[in-house]
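S.K.: One structure follows; several queries about it will come next.
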Amino acid sequence: MTQTPGADTPRSPFLAEVKDAVTPRATMLVTGAVGLALLFIASYVGALHDPKPKNVPLGVVAPGVAAQQTVDRLENLPDDPLDPRTVTDAATARKQILNREIDGALLVDPNSTTDTLLVATGGGRVLAATLESLVATLERSEARTLRTIDVAPADRHDANGLTSFYATVGWCVGGYLCASIMTISSGAGRPTPRRSVIRLIVMALVAIAAGLGGALIIGPILGALPGSLAALWGVGALITFAVGAATLAFQAIFGMAGIGLVILIVVILGNPSAGGALPLPLLPPFWKDIGPALPPGAGTWATRSIAYFKGNDTTASLLILSAWAAAGAAITLLAAKLRTGGPRRP
């Protein structure tokens, strides 16, 4: 008996398996994962591959007309690496550095051939070294020498001043992982108002524990970062809760895709722009602009300020973290309420 052409023929087992495995949902998820991987490469390499100082705030202390002459010479450096401004005296310059208003200061002594550069390696060793290199080059061109004084030195156990950044990254990871686990463990369905409240309470408890644990590790246990244990605990808890609440909010709106959006914002965009590996003045414009507004950047700034700058200039970064936390919690609850608040069908 011959089989009519076009009649049903057995499908190849391999092709059938492929068709069952490569579903539209799986294809979409794999495509999204590849896209995130490429964005990760583009963001990190784009931010960190070619550090160039741009408008780094630098104070200049010099008597009389020498002050403005020095400012003019520094302003005329190619590609505008510095943003020099006159400062009345050395004490004021030190105060402004500790207040994180400027990143360094040049003290000019007309009665000597040696000038002094004040830096703060606690704000980033790479930035301090860059300032020293720029100013030393200018000094040599005028047959002068330069000595450097570190007014806010990084701890000797804080290699390259990165502990603040790595601690912040750890707290951010804890925030979005814990929130993601709570979401995934209960399935893809969007949460009810009651469940959302429970998740936020659990997230707050996790944040308190993670903040304390992280502060103990970088402080008393490893001795990698100075500063108040209570203050580091507080900022660590705030970072963890801010990222966790944001993750819950994105999930409440976009479902499981919300977790990918958090990874995009916190990991792909936030980490390279945080001012960790490269301080903000050395980052390209896009990353330099968005960094302070994202949790990793705000957290790194606050943690460094607590450790090395007596807690100065933390208000803006703490407000940003608080805004992420408050907005995340509010959106999580509002989204759950709107989904369940409509009229019920009989």
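The values are calculated or read from the model by the stated rules, or taken from the named source; none is laboratory data. These numbers were taken from a predicted model, which means no experiment stands behind them. Counting neighbours? That spans all protein chains shown, and the Cβs are built from the backbone with ideal geometry, glycine included.
S.K.: Go through 254, 241 for me and flag whichever is at pLDDT 95 or above and either assigned by TED's automatic domain parsing to the domain that holds residue 103 or within 28 Å of residue 36 (Cα to Cα) (or both).
M.R.: Only one candidate passes the filter, namely 241.
S.K.: Another question about this same structure. For the condition modelled with pLDDT of 90 or more and out of contact with any helix residue (DSSP H, G or I) (no Cβ under 8 Å at 6 or more places or on another chain), what is the one hit in 142, 132?
M.R.: None of the other options fit; the residue is 132.
S.K.: Based on this model, can you work out whether residue 159 counts as in contact with a helix residue (DSSP H, G or I) (Cβ under 8 Å, 6 or more places away or on another chain) and either among the hydrophobic types (A, V, I, L, M, F, W, C) or within 15 Å of residue 245 (Cα to Cα) (or both)? Before the answer, list the steps.
M.R.: Numbers: in contact with a helix residue (DSSP H, G or I) (Cβ under 8 Å, 6 or more places away or on another chain): no; either among the hydrophobic types (A, V, I, L, M, F, W, C) or within 15 Å of residue 245 (Cα to Cα) (or both): yes.
Here the answer is no, as residue 159 does not meet what is asked.
S.K.: Among residues belonging to the range 132-171 that are under 26 Å from the mean Cα position of the chain (by Cα), assigned to a loop (DSSP other than H, G, I, E, B) and of a type outside the set (Asp, Glu), point out the one that is farthest from residue 233 (Cα to Cα).
M.R.: 151
S.K.: Among the residues of the range 261-281, are any under 15 Å from residue 100 (Cβ atoms) and not in a helix (DSSP H, G or I)?
M.R.: yes
S.K.: Regarding residue 298, is this residue surrounded by fewer than 23 Cβ atoms within 10 Å (Cβ to Cβ) and part of a helix (DSSP H, G or I)?
M.R.: no
S.K.: Further question: Of the conditions (1) surrounded by fewer than 17 Cβ atoms within 10 Å (Cβ to Cβ); (2) of a type outside the set (Ser, Thr, Tyr); (3) touching a residue at least 40 places away in the same chain (Cβ under 8 Å), residue 97 fails just one. Which one is it?
M.R.: With (1) surrounded by fewer than 17 Cβ atoms within 10 Å (Cβ to Cβ); (2) of a type outside the set (Ser, Thr, Tyr); (3) touching a residue at least 40 places away in the same chain (Cβ under 8 Å) applied to residue 97, the lone miss is (1).
S.K.: Considering each of 102, 97 in turn, give the residue that is at pLDDT 95 or above, within 22 Å of residue 303 (Cβ to Cβ) and assigned to a helix (DSSP H, G or I). Write out each step before concluding.
M.R.: Values: 102 fails: assigned to a helix (DSSP H, G or I).
The conditions single out 97.
S.K.: Further, regarding this structure: For the range 173-212, name all the residues that are over 24 Å from residue 336 (Cα atoms) and either crowded, with 19+ Cβ neighbours inside 10 Å or at pLDDT below 95 (or both).
M.R.: The answer is 210, 211.
S.K.: Of all residues in the range 109-123 being outside any strand (DSSP E or B) and out of contact with any Lys or Arg (no Cβ under 8 Å at 6 or more places or on another chain), which is farthest from residue 277 (Cα to Cα)?
M.R.: Going through the qualifying residues, I end up with 111.
S.K.: Among (1) assigned to a loop (DSSP other than H, G, I, E, B); (2) among the charged types (D, E, K, R); (3) surrounded by 20 or more Cβ atoms within 10 Å (Cβ to Cβ), which single condition is residue 304 missing?
M.R.: (1)
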